[in-house]
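Enquirer: Right, I'll just put the structure down here and ask away after.
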Amino acid sequence: MMSSTTLARHQEIAWRRGHVMATSRLVAEETAIALSYNGSTHAVMMATPDDLEDFGVGFTLTEGIVERASDIQSIDLIRSELGIEIRMWLDGDRATRLAARRRAMSGPVGCGLCGIESLEQARRPASPVPDRDTVFHARDLLGAMQALAPLQILNQQTRSVHAAAFWHPRSGIGPVREDVGRHNALDKLAGAIARRRKSACAGAVLLTSRVSVEMVQKAAMIGVPVVIAVSAPTTLAIRTAEEAGITLLAIARDDGYGVFTHPHRILLPENVAPRADC
């Protein structure tokens with residue numbers, strides 16, 4: 001059972017199949033989470049208040065604020081009636097660079113693109129993922145996506161949160177992180193991988209959401225060569241995955257998925273040959 005800070009039970013009047021009944025259901029919590037560095041707030045996100053140390057570390061890494069988790073000198077969670085502050089401390093040089101970036105911010109921060117001052121920064125090139133000749137069996141990746149749902153503990157109870165998970169062909173799925181925001185779930189996963197000192201270069205990220213450009217950029221910062229998602233990608237996400245060297249699989253269903261970029265990493269069944277549409 002998840003903690004009371006992660007979900008709550010609410011009364012509900014249900015109308016199902018023409019019948020009305022009084023009942024209740026578990027609902028995911030959504031809380032304001034402030035990410036601050038060296039005493040100054042950088043961003044405020046609405047998120048599920050769980051795995052917040054992972055969130056802080058992952059956000060800091062995927063947004064390019066630091067290059068390694070060890071660059072964060074300390075991290076503390078400060079709770080109040082208004083929300084939770086993830087308070088992090090960086091060394092002097094990184095704090096100075098971040099302060100200059102923060103001064104460029106001209107409006108409130110939402111999810112995805114934080115503290116940018118130009119269109120060029122919004123379309124920043126994704127970090128290239130090294131091509132280590134690692135290949136994945138198509139059926140193994142499909143099996144991984146099918147095995148993810150039972151591991152989504154919070155979503156099993158609320159049906160309202162996204163998940164991001166790491167899969168390795170030898171060790172299977174883990175860690176799994178959930179959040180009301182898809183970006184947040186991926187940031188939490190990035191932080192969990194970094195804090196566990198796991199290498200992502202021989203595994204895949206599994207997503208229960210659509211694939212936008214920010215999700216590909218974050219996956220590239222993690223260094224993962226394969227991303228597979230249940231929903232469709234955007235055109236910019238496909239272009240960014242192509243440029244970053246990421247194999248992008250999407251629209252994953254029980255009967256398969258689509259391979260959108262770098263298909264050389266996927267070993268398709270012998271009886272399936274790629275076919276070009278007219």
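Bear in mind that the values in this text are calculations on the coordinates, not laboratory data. Keep in mind that this is a model prediction, so the values were computed, not measured. For neighbour counting, all protein chains shown are included, and Cβ atoms are generated from backbone atoms with ideal geometry for every residue, glycine included.
Enquirer: For the chain, compute Rg over Rh where Rg is the Cα radius of gyration and Rh is the Kirkwood radius from the inverse mean 1/r over Cα pairs.
Expert: 0.99
Enquirer: Here's a follow-up. For every other residue with a beta carbon closer than 10 angstrom to the beta carbon of residue 194, add +1 if it is Lys or Arg and -1 if Asp or Glu, then tell me the sum.
Expert: Value of the local net charge: +4.
Enquirer: What is the sum of charges around residue 207, taking Lys and Arg as +1, Asp and Glu as -1, for the other residues whose C-beta is under 13 Å from the C-beta of residue 207? Can you show the working numbers first?
Expert: Details: positive: 177, 182, 188, 210, 218; negative: 178, 179, 187, 214.
Combined, the nearby Lys, Arg, Asp and Glu give +1.
Enquirer: Counting only other residues whose beta carbon sits under 12 Å from that of residue 167, what net charge do I get with K and R as +1, D and E as -1? Don't jump to the answer; show the numbers that get you there.
Expert: Values: positive: 170, 198; negative: 140.
Spelling it out: positives minus negatives among the neighbours equals +1.
Enquirer: If you take the charge dipole of the chain about its Cα centre, with +1 on Lys and Arg Cβ and -1 on Asp and Glu Cβ, which of 157, 190, 6 is farthest toward its positive end?
Expert: Going by the Cα projections, it comes out as 157.
Enquirer: Which whole-Hz couplings ³J(HN,Hα) result when phi for each residue of region 142-156 is put into the Karplus expression 6.51 cos²θ - 1.76 cosθ + 1.60, θ = phi - 60°, listed in order with x for Gly and Pro?
Expert: After applying 6.51 cos²θ - 1.76 cosθ + 1.60, I find 5, x, 5, 5, 5, 7, 6, 3, x, 8, 8, 4, 5, 5, 4 Hz.
Enquirer: Taking the Cα centre of region 136-267 as origin, sum charge times position over the Cβ atoms of Lys and Arg (+1) and Asp and Glu (-1), and report the length of that vector in debye to the nearest 20.
Expert: 380
Enquirer: Another question, then. Arrange the peptides 140-149, 163-172, 126-135, 9-18 so that the one whose residues have, on average, the most other Cβ atoms within 10 Å appears first.
Expert: 163-172, 140-149, 126-135, 9-18
Enquirer: Using just the alpha carbons, could you tell me how many Å³ per residue the convex hull of region 164-278 encloses?
Expert: Residue-normalised Cα hull volume stands at 112 Å³.
Enquirer: Another one. Can you grab the distance from the C-alpha centre of region 34-54 to the C-alpha centre of region 170-219, Å, no decimals?
Expert: Answer, in whole Å: 18.
Enquirer: I need the phi-derived Karplus couplings for region 7-22: 6.51 cos²θ - 1.76 cosθ + 1.60, θ = phi - 60°, integer Hz, Gly and Pro marked x.
Expert: 8, 8, 9, 10, 6, 8, 9, 9, 10, 9, 6, x, 10, 10, 8, 8
Enquirer: Based solely on its DSSP helices, what 222 nm [θ] is calculated for the chain when runs of n ≥ 4 H residues each add -39,500 (n - 2.57) and the sum is averaged over all residues, nearest 500 deg cm²/dmol?
Expert: Only helices count here, giving -8000 deg cm²/dmol.
Enquirer: Can you sort 176, 44 so the residue with the fewest Cβ neighbours within 10 Å comes first?
Expert: Values: 176 21, 44 18.
Ascending number of Cβ neighbours within 10 Å: 44, 176.
Enquirer: Once you sort the root eigenvalues of the Cα gyration tensor of region 128-177 as a ≥ b ≥ c, which label holds: rounded (a/c under 1.5), prolate (a/b larger than b/c) or oblate (the other case)?
Expert: It comes out prolate by the Cα gyration axes.
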